[in-house]
1. For region 91-148, what class follows from the C-alpha gyration tensor (a ≥ b ≥ c being the square roots of its eigenvalues): rounded when a/c is under 1.5, otherwise prolate if a/b is larger than b/c, else oblate?
2. How large is the charge dipole for region 71-145, taken about the Cα centre, if only the Cβ atoms of Lys, Arg (+1) and Asp, Glu (-1) carry charge, to the nearest 20 debye?
3. To the nearest 10 square angstrom, what accessible area does Cys86 show with a 1.4 Å probe?
4. So how far apart, in nm, are the two label points at Ala52 and Gln75 if each is 7 Å from Cα heading toward Cβ?
5. Report, to the nearest whole %, how much of the accessible area of region 91-156 belongs to carbon and sulfur atoms, 1.4 Å probe, protein only.
6. Taking H as built 1.01 Å from N, whose amide H comes closer than 5 Å to the amide H of Leu44, not counting residues under 5 places away?
7. Can you work out ³J(HN,Hα) from phi for every residue in region 8-16, in order, using Karplus 6.51 cos²θ - 1.76 cosθ + 1.60 and θ = phi - 60°, giving whole Hz and x for Gly and Pro?
8. Gap in Å between the Cα centre of region 121-154 and the Cα centre of region 59-116?
Amino acid sequence: MAGLQIVAFLSGLVGLGAIIGATVSNEWRATSRASSVITATWVLQGLWKNCAGNAIGALHCRPHHTIFGLEDYIQACRGLMIAAVCLGFFGCVSALVGMKCTKIGGSDQSKTKTTCFAGINFVLGGLCSIAACSLYAHRITSEFFNPFIIDQKYELGAALFIGWAGGILCILGGFVLCSSITESFSKSHSQANCVYKGAPSHSHITSITRVPAQAANPRPSAANSNASRAQYFDKNAYV
């Protein structure tokens, strides 16, 4: 179980790194070379900056100087990616505390709850990353295949694929952590059932062994006591 939790933690950690890289990347979408007349220049756009480069190697980036002036889907993707980074960070810290191979976190029951909390954080963080990348990709594809848009068209950037991969790794790590917790719960429940079933059998054995001891010393019956009294009275009358 400890080895499985280590693999899940590494999967979530790598996924968190990929999500952070996708968040800060400027390659969420790139200009389509098919529709561009001048292929020596290109434009890259991200959540935080817009960059323009050429074949010589010069790259100039300009950050988004406004927040309320941005389009709604960019703001939504920003919020989802920030939430994914925060959830992944909390998942990594909780997994370090709750894993079986670490000596921190208290008792086994508290470590089990902490590990379950880490798995849930990983899963939620991965879902946020996948949702943000899918929303941005849907906007790019809808604009690319729209015949009424004659402006510069864009294609999917590398950051989207990195975000998808990071989200999948986080979800896999979270599911593995939660599955390890269910296994420990099933073991503890089976042990509790064995202890509970053993107690009645012991009391039953003791009750059976006590029955012959009680039967060996029977109480005197009422008939015997009456007979002894009659003999006593007969002797007194004879005297």
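The values are calculated or read from the model by the stated rules, or taken from the named source; none is laboratory data. Quantities reported herein were computed from a predicted structural model and do not represent experimental measurements. Here the Cβ is made from the backbone with ideal geometry for all residues, glycine too, and neighbour counts use every protein chain on show. Heavy atoms of the whole protein, side chains included, go into the accessibility calculation; ligands, DNA and RNA do not. Shrake-Rupley method; radii C 1.70, N 1.55, O 1.52, S 1.80 Å.
1. Prolate shape, in that a/c is at least 1.5 and a/b is the bigger ratio.
2. So the magnitude is around 460 debye.
3. Using a 1.4 Å probe on the heavy atoms, I get roughly 60 Å².
4. Label at Ala52, label at Gln75, 2.7 nm between them.
5. Solvent-exposed carbon and sulfur of region 91-156 make up 66 percent of the total.
6. Close amide H contacts, sequence-distant or interchain: Cys51, Ala52, Gly53.
7. 5, 5, 5, 4, x, 5, 5, x, 5
8. 21 Å
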